[in-house]
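One structure below.
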Amino acid sequence: VVEALVTATDLEVEDLADRKKVEDGIAALEKFVHSKRGGELEVTIEQDEEHDRQRVLIRTQDGPTERVTTLDFDFLSAGNLTELRQIYLGIRALGELPFVLTALDKAGQPTGEPSEIPDIELPRFRTSRPCGPRWTPVPERVSVFSATRASAR
């Protein structure tokens, strides 16, 4: 759901005050999720009285595990969402897929042959508390590579 929010919508905290923008964002989010993994999303829109905005609860089922992602004032105003969008836009600025990755040594020289990859995935994040606005990166996804656009065939 977070990947869909970052890559398929431009939903911002201000948009939570406009139900039409919220519904359009949810439609884009659902389309992205369905294209990536199928399955159904259970979406509930409720009023956030404290912030005079909408709050969106999105329930997903992954096998026996149910997850709930809350898109609300706290979540959308957190700096991490903005940072993830900047990372995504930086990757997409390289051009269209496929990309070629080359591992570099400390001197910046290639350590092997470039290899084509079909897609670049945003790092996975986990919450430090359920549905909380604080996020902690999962360290096993950190690597140093040089990414360039593959030449057209």
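The values are calculated or read from the model by the stated rules, or taken from the named source; none is laboratory data. Treat the numbers as computed from the prediction; the structure is a model and nothing was measured. Using ideal geometry, Cβ is built from the backbone for each residue, glycine included, and neighbour counts are taken over all protein chains shown. Keep in mind that these areas ignore ligands, DNA and RNA; they rest on the heavy atoms of the full protein, side chains included. Shrake-Rupley method; radii C 1.70, N 1.55, O 1.52, S 1.80 Å.
In this structure, the amide hydrogen of residue 53, modeled 1.01 Å from its nitrogen in the peptide plane, lies closer than 5 angstrom to those of 48, counting only residues at least 5 positions away or on a different chain. For the range 30-77, the calculated P(r), taken from all Cα-Cα distances in 5 Å bins from zero up to the bin holding the longest distance, is 5, 20, 23, 23, 15, 10, 4, 0 percent. For the range 35-47, backbone phi angles converted through the Karplus equation (6.51, -1.76, 1.60; θ = phi - 60°) give residue-by-residue couplings of 6, 8, 9, x, x, 9, 10, 9, 10, 10, 10, 9, 7 Hz, Gly and Pro being listed as x. Available extension along the chain between residue 31 and residue 68 is 11.5 nm, counting 0.36 nm per residue and deducting the alpha carbon span. Counting only protein heavy atoms and a 1.4 Å probe, the range 1-46 has 55 square angstrom of accessible area per residue.
Just add up the charged neighbours of residue 101: K/R +1, D/E -1, any other residue whose Cβ is under 11 Å from the Cβ of residue 101. The partial results should precede the final answer.
Working: positive: none; negative: 113, 116.
Summing Lys and Arg as +1 and Asp and Glu as -1 gives -2.
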